[in-house]
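First up is the structure itself, then whatever we jot down about it.
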Amino acid sequence: MNADTTGPQDGPHAVVVGGGITGLAAALRLLAAGARVTLLEGDGRLGGKLLAGEIAGAPVDLGAESLLARRPEAVALAEAVGLGDRLQPPATTTAAVWSRGRLVPMPKGHVMGVPGDAGAVAGLLSPEALDRIGGDLELPPTELGEDTAIGAYVAERMGHEVVDRLVEPLLGGVYAGDAYRISMRAAVPALFEAARRHPTLTAAVRAVQAAGAAVPADVAGAATGLGGAAFAGLAGGVGTLPGAVADAVRAAGGTILTGTPATALLRTGPAGWRVVTPDRTLDADAVLLATPAPVTAGLLGAHAPAAAALLDGIDYASMALVTLAFRRADLPDLPGSGFLVPPVDGHTIKASTFSSQKWRWVGEAAPDLFVLRTSVGRHGEEHQLRREDADLVAASLKDLAAATGLAARPVATTVTRWTGGLPQYPVGHLARVAGIREAVAGLPGLRLAGAAYDGVGVPACVASAHRAADALADEIIATSETAHPGAGHSS
């Protein structure tokens, strides 16, 4: 086989494996640093879990639909690739919780569902649960150690109802996981650190609120130019972001190959790499793996078996999105942007988003339609994805009718399955990630990035891409005066 020499013929050669938003952001960053870049994507399309589509002629997101705007990375990337004028805050942020058969307005005054006082959740929880929240002030401090499950800790301090009715559905929207397993240190680090410093959970929540800390796992920075909105969308869908980044990569001289999985990594001396695909090999000065943990483990097995074993231990949750389009005139008045569903109530759907009300661009593109979507499945519920499309649609309609009174029939439906879509962050996740990084630290010219490590949101993935790309650029650009294995070698 011949080794491909792609892109501009100057500068060290970096191969990025994985064409989701992480790999695309990393490729653009490496190009800006002066590297030649080839990006490989095993699938026939780019974008990973970001996917724009349409239903009944209306544009929609069929994957992730929003960007955490309190972090700068994703918004800045959108602006850098020419999408700044398409950034939009949600048209409404009013949401509800479907609990015990009724829609209750989403409480305020909490940190990822954990209240700073019982009054903040009075409309959602039982009188007994409200009394239990107050009991936190009378409990002795809890020793957290290096990590703890957020559900177990909150239940110990404030009772299970707080977890089951609020923490669980909120965290489920981020991880599709189980709050009783999810690492507090990884998922809500601001609250974890505050809880280590304060004698009660109530005091910790109030400290986080006073500091203005963000509530999702991807905690960060200042508000952007979106009017201080916590989240942002893109007109046409967040799923259009990967294509815009790919266009920028190509415009900067990068090469993108889809339908081209990396099947093996080989060393070519002390610092070089050879990436093997089914129909070519590519020699490189640096390799950045932006692939899901199982794929990364397979590629690293021969070079860092300890890292591969740790990567193989990362679980993933699967879920399905059911997108439904109705004639707007057929629908009852649906309030706000949608609702969350506590799994403890035993319903099929875990949440519903009223896309036509949440995002102006959806309503403006199809004013006579009302588009909404439901999510089904979380970690441990992979059987849900084995159901037929029609069954998932029927189950969604049944739950929507029970929650909102919706009795209309949709004019169009589509089911999108995200098998292995969301890495899980159980207790000890950050220690696992540290072990992975330590195990690959001795491999020159190699870095890892993606949702499996430091956060599952788009901004966290972009930040992970930039850290890995910057580290590689520092390593290979500094030695660009030496010979480069990517400059036309053959195998």
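The values are calculated or read from the model by the stated rules, or taken from the named source; none is laboratory data. In this text the structure is predicted, and so the values were computed from the model without any measurement. All Cβ positions, even for glycine, are placed from backbone atoms using ideal geometry, and neighbour counts span all protein chains on display. Accessible surface is based on the protein model in full, side chains and every heavy atom, while ligands, DNA and RNA are left aside. Shrake-Rupley method; radii C 1.70, N 1.55, O 1.52, S 1.80 Å.
Based on this model, can you work out whether Val393 counts as outside any strand (DSSP E or B), closer than 25 Å to Leu310 by Cβ and touching a Leu at 6+ places or on another chain (Cβ under 9 Å)? So that I can check it myself, show each step before the final result.
On the way: outside any strand (DSSP E or B): yes; closer than 25 Å to Leu310 by Cβ: no; touching a Leu at 6+ places or on another chain (Cβ under 9 Å): yes.
Judged against the criteria, Val393 is not a match.
Tell me the residue from Leu46, Leu30, Leu50, Leu40 that is open to solvent by 20 Å² or more (accessible area, probe 1.4 Å) and modelled with pLDDT of 95 or more, please.
Values: Leu30 fails: open to solvent by 20 Å² or more (accessible area, probe 1.4 Å); Leu50 fails: open to solvent by 20 Å² or more (accessible area, probe 1.4 Å); Leu40 fails: open to solvent by 20 Å² or more (accessible area, probe 1.4 Å).
Going through Leu46, Leu30, Leu50, Leu40 in turn, the sole match is Leu46.
Scan region 433-444 residue by residue and report those that are out of contact with any helix residue (DSSP H, G or I) (no Cβ under 6 Å at 6 or more places or on another chain) and part of a helix (DSSP H, G or I).
In the first step, residues of region 433-444 are kept if they are out of contact with any helix residue (DSSP H, G or I) (no Cβ under 6 Å at 6 or more places or on another chain); the result is 434, 437-438, 441-444.
Scanning region 433-444 gives Ala434, Arg437, Glu438.
Looking at region 171-191, is at least one residue assigned to a helix (DSSP H, G or I), within 30 Å of Thr419 (Cβ to Cβ), in contact (Cβ under 8 Å) with a residue 12 or more places away in the chain and touching a Lys or Arg at 6+ places or on another chain (Cβ under 7 Å)?
Just the residues of region 171-191 that are assigned to a helix (DSSP H, G or I), to begin with: 171-175, 184-187, 189-191.
Now narrow it down to the ones that are within 30 Å of Thr419 (Cβ to Cβ): 171-175, 184-187, 189.
Okay, now just the ones that are also in contact (Cβ under 8 Å) with a residue 12 or more places away in the chain, so 171-175, 184-187, 189.
Restricting the remaining residues to those that are touching a Lys or Arg at 6+ places or on another chain (Cβ under 7 Å) gives 172.
Looking through region 171-191, at least one residue is assigned to a helix (DSSP H, G or I), within 30 Å of Thr419 (Cβ to Cβ), in contact (Cβ under 8 Å) with a residue 12 or more places away in the chain and touching a Lys or Arg at 6+ places or on another chain (Cβ under 7 Å).
When the residues of region 193-213 are filtered to those that are under 24 Å from Asp131 (Cα atoms), of a type outside the set (Val, Ile, Thr) and touching a residue at least 60 places away in the same chain (Cβ under 8 Å), which remaining residue is most open to solvent (accessible area, probe 1.4 Å)?
Among them, the one singled out is Arg206.
Could you list all residues from region 341-386 that are farther than 26 Å from Pro426 by Cβ, touching a residue at least 40 places away in the same chain (Cβ under 8 Å), open to solvent by 50 Å² or more (accessible area, probe 1.4 Å) and in a loop (DSSP other than H, G, I, E, B)?
Asp368
So Ala152 passes all but one of these: (1) among the small types (Gly, Ala, Ser); (2) over 28 Å from the mean Cα position of the chain (by Cα); (3) modelled with pLDDT of 95 or more. Which condition number does it fail?
Of the numbered conditions (1) among the small types (Gly, Ala, Ser); (2) over 28 Å from the mean Cα position of the chain (by Cα); (3) modelled with pLDDT of 95 or more, the odd one out for Ala152 is (2).
In the list Glu161, Glu168, which residue meets the criterion of being closer than 30 Å to Thr404 by Cβ, open to solvent by 30 Å² or more (accessible area, probe 1.4 Å), in a helix (DSSP H, G or I) and touching a residue at least 24 places away in the same chain (Cβ under 8 Å)? Don't jump to the end; show me each part of the working.
Working: Glu168 fails: open to solvent by 30 Å² or more (accessible area, probe 1.4 Å).
After applying the criteria, what remains is Glu161.
Taking region 454-475 as the region of interest, how many residues are within 13 Å of the chain's Cα centre (by Cα), in a helix (DSSP H, G or I) and either among the basic types (Lys, Arg) or buried (at least 21 other Cβ atoms within 10 Å of the Cβ) (or both)?
Within region 454-475, the subset within 13 Å of the chain's Cα centre (by Cα) is 454-464.
Filter once more, keeping what is in a helix (DSSP H, G or I): 454, 458-464.
Add one more test, that the residue is either among the basic types (Lys, Arg) or buried (at least 21 other Cβ atoms within 10 Å of the Cβ) (or both), and what stays is 458-464.
The number of residues fulfilling the criteria is 7.
Among the residues of region 77-88, is any under 30 Å from Ala252 (Cα atoms) and in contact with an Asp or Glu (Cβ under 8 Å, 6 or more places away or on another chain)? Before the answer, list the steps.
Looking only at region 77-88, we keep the residues that are under 30 Å from Ala252 (Cα atoms), and these are 77-88.
Pick out the ones that are also in contact with an Asp or Glu (Cβ under 8 Å, 6 or more places away or on another chain) and you get 81, 87.
Within region 77-88 (the criterion being under 30 Å from Ala252 (Cα atoms) and in contact with an Asp or Glu (Cβ under 8 Å, 6 or more places away or on another chain)), the answer is yes, since at least one residue qualifies.
Just one of (1) farther than 25 Å from Tyr180 by Cβ; (2) of a type outside the set (Val, Ile, Thr); (3) touching a Gly at 6+ places or on another chain (Cβ under 7 Å); (4) surrounded by 19 or more Cβ atoms within 10 Å (Cβ to Cβ) trips up Ser337, so point out which.
All conditions are met except number (3).
So, in region 259-308, of the ones that are of a type in the set (Val, Ile, Thr) and in a loop (DSSP other than H, G, I, E, B), which residue ends up surrounded by the most Cβ atoms within 10 Å (Cβ to Cβ)? Show your work before the answer.
Going through region 259-308, the residues of a type in the set (Val, Ile, Thr) turn out to be 260, 263, 268, 275-277, 281, 287, 291, 295-296.
From what's left, in a loop (DSSP other than H, G, I, E, B): 260, 263, 268, 277, 291.
Values: Thr260: 22, Thr263: 13, Thr268: 16, Thr277: 20, Thr291: 29.
The extreme case among them is Thr291.
Regarding Pro410, is this residue out of contact with any Asp or Glu (no Cβ under 9 Å at 6 or more places or on another chain), closer than 14 Å to Ala56 by Cβ and either touching a residue at least 12 places away in the same chain (Cβ under 8 Å) or acidic (Asp, Glu) (or both)?
On the way: out of contact with any Asp or Glu (no Cβ under 9 Å at 6 or more places or on another chain): yes; closer than 14 Å to Ala56 by Cβ: yes; either touching a residue at least 12 places away in the same chain (Cβ under 8 Å) or acidic (Asp, Glu) (or both): yes.
Taking the combined requirement at face value, the residue satisfies it.
From the list Glu79, Glu128, pick out the single residue that is within 30 Å of Leu234 (Cβ to Cβ), open to solvent by 80 Å² or more (accessible area, probe 1.4 Å) and at pLDDT 95 or above.
Numbers: Glu128 fails: within 30 Å of Leu234 (Cβ to Cβ).
Every option except Glu79 fails the conditions.
Going by the conditions given, is Thr277 of a type in the set (Ser, Thr, Tyr) and modelled with pLDDT under 95? Step through it out loud before you land on a result.
Numbers: of a type in the set (Ser, Thr, Tyr): yes; modelled with pLDDT under 95: no.
Against the criterion (of a type in the set (Ser, Thr, Tyr) and modelled with pLDDT under 95), Thr277 does not qualify.
Right, Thr142: surrounded by fewer than 19 Cβ atoms within 10 Å (Cβ to Cβ), touching a Lys or Arg at 6+ places or on another chain (Cβ under 7 Å) and within 28 Å of Leu372 (Cβ to Cβ) or not? Reasoning before the result, please.
Numbers: surrounded by fewer than 19 Cβ atoms within 10 Å (Cβ to Cβ): yes; touching a Lys or Arg at 6+ places or on another chain (Cβ under 7 Å): yes; within 28 Å of Leu372 (Cβ to Cβ): no.
No: the conditions fail for Thr142.
Within region 309-338, can you find the residues that are in contact with a Pro (Cβ under 8 Å, 6 or more places away or on another chain), charged (D, E, K, R) and assigned to a helix (DSSP H, G or I)?
Scanning region 309-338 gives Asp312, Arg328.
Hey, could you check region 389-419 for residues that are among the acidic types (Asp, Glu) and touching a strand residue (DSSP E or B) at 6+ places or on another chain (Cβ under 9 Å) and say which is surrounded by the most Cβ atoms within 10 Å (Cβ to Cβ)? It would help to see each step written out before you state the result.
Filtering region 389-419 down to residues among the acidic types (Asp, Glu) leaves 389, 391, 399.
In the following step, the residues that additionally are touching a strand residue (DSSP E or B) at 6+ places or on another chain (Cβ under 9 Å) were identified as 389, 399.
On the way: Asp389: 14, Asp399: 21.
So the residue we want is Asp399.
Here is a yes/no grid of residues against (1) over 30 Å from His160 (Cβ atoms); (2) open to solvent by 30 Å² or more (accessible area, probe 1.4 Å); (3) in contact (Cβ under 8 Å) with a residue 40 or more places away in the chain:
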{"position": "Val60", "(1), (2), (3)": "yes, no, yes"}
{"position": "Thr94", "(1), (2), (3)": "no, yes, yes"}
{"position": "Ser99", "(1), (2), (3)": "no, no, yes"}
{"position": "Met106", "(1), (2), (3)": "no, yes, yes"}
{"position": "Val114", "(1), (2), (3)": "no, no, yes"}
{"position": "Glu138", "(1), (2), (3)": "no, yes, no"}
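Is there any pair linking a residue in region 1-20 that is over 17 Å from Ala271 (Cα atoms) and at pLDDT 50 or above to one that is part of a strand (DSSP E or B) and open to solvent by 30 Å² or more (accessible area, probe 1.4 Å), with Cβ under 7 Å and at least six apart or on different chains, and which?
From region 1-20, no pairs qualify.
Could you say which residue among Arg409, Arg386, Arg437, Arg360 is charged (D, E, K, R) and closer than 21 Å to Ala176 by Cβ? Before you say what the answer is, go through the steps one by one.
Values: Arg409 fails: closer than 21 Å to Ala176 by Cβ; Arg437 fails: closer than 21 Å to Ala176 by Cβ; Arg360 fails: closer than 21 Å to Ala176 by Cβ.
The match here is Arg386.
Which one of these is open to solvent by 20 Å² or more (accessible area, probe 1.4 Å) and assigned to a strand (DSSP E or B): Leu430, Leu422? Don't jump to the end; show me each part of the working.
Details: Leu430 fails: assigned to a strand (DSSP E or B).
Checking each option against the conditions leaves just Leu422.
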